[in-house]
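The values are calculated or read from the model by the stated rules, or taken from the named source; none is laboratory data. Bear in mind the structure is a predicted one, so any value in this text is a computation, not a measurement. Quick note on the areas: whole protein, heavy atoms, side chains included, nothing else; ligands and nucleic acids left out. Shrake-Rupley method; radii C 1.70, N 1.55, O 1.52, S 1.80 Å.
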Amino acid sequence: KKDGKYHFTTNFPDLPQEDQAAHKDRLEQENRRLIYVTLTRASHKCYVSYIPQEGSKGKGKESSFDEIYTRAKAGNSGDIEFIDMKSESFDDKPEPYRAEEAGKQFTPRTPTIAADSIKTTFRIHSFSSLNRTHHTTPFEQVALDQAYDHFVFQELSRGAKTGDALHKLFEHMQFNKEESWKQSLTDAAMFYPNIFKEEHQDSFKDLIRHCLKAEIRLDGEQFSLSSISDTDKIPELQFNFSVNKVNRQCINELLDEDAQLRGESDMKGLMTGYVDLLFRHRDKYYILDWKSNYLGNTLDDYGKEGLARVMKANNYELQYWIYTLAVKRWLESRLSGFDYDKHFGGVIYLFIRGIREGRQSGIHVNKPGRNQLDRLDEAFRE
């Protein structure tokens, strides 16, 4: 911000070195997320084009693809398929130009790749790539009597940008230090000035208070997020776990009708994704997912039945089964004597617009059954 106005730039020469380094780190993380989204949205196959800088040592910047390229060229690429376009065959060279054909329609000649050079390989899977179900509630513009309700249902914009902004707000917030919440909101406004508008600062403070002080009831426990310290939470936990040749029908039978696995019949490769928040409370571990979905203009729309409908309509049950399996495998590898029933608390989906301190609206919780989860784990390992 300069001269009272916001200026977009990727260079901040006036900032201290520490702040510049922090900006570059955030930019790198954002680029990684964009690459993740790109690689996991392909419906059938994803190709990455790479031009190696062979014979130009010292002239170009080393690329993370260099090692992959070297391995692939040597035939040691594992499950990564390598196609050397220089070796691919093309149609016969076009005949020399003849004046009598000048009036004919031009048909360009295209390169052809032998069919057996394109093989079924292992793929990177995610909830986004496996889910084809997306539901949105039509927006209804009305005037609401309660100021906060009017803000969160009517004035708070809808869409992915708002979801990203709210995720970032809570990602960098110290839940158990209420005196720091205002500064977290100020910091978030620097990156999302069109979302966290100055005239809405008081409403966003209410939003933070409602979300962090609302009581969560799950697996015999009652608590609020305001009791969780930074040492007990991991935001944006990335996971990758192997998927062997798994039959989609088999998985759907295990998950029942509430969650449906879409995509190809057989899967092989890696399952990847990000858990919004993994946190610990009284030696139990919980998965939390922030949702900014607009479901209507009343708290009843964010009640138990309304949340059950949107969870099923968007196939979110599949999402939390995948997340729970990933966290279960992660905890098993790190906690000696890990016991799912004892150490895993459950899954929490917070629909931010409908959450109110002192009420249960906007809060959807569940704990997947152990037997069903173990069978799902075995199915993914087959």
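Over all projection directions, the Cα-based convex hull of region 138-280 averages an area of 12.2 nm². Once the gyration tensor of the Cα atoms in region 290-382 is diagonalised, the equivalent ellipsoid follows with semi-axes of 30, 15, 10 Å, ordered largest first. Using alpha carbons only, the radius of gyration of region 189-260 set against its Kirkwood radius gives Rg/Rh = 1.16. Against the criterion of solvent-accessible heavy-atom surface with a 1.4 angstrom probe, ILE35, ILE228 sort, most first, into ILE35, ILE228.
Please report, largest first and rounded to whole Å, the three semi-axes of the ellipsoid equivalent to region 149-189, where each semi-axis is the square root of five times an eigenvalue of the C-alpha gyration tensor. Write down the numbers at each step before the final one.
On the way: eigenvalues 87, 31, 13 Å².
That gives 21, 12, 8 Å for the three semi-axes.
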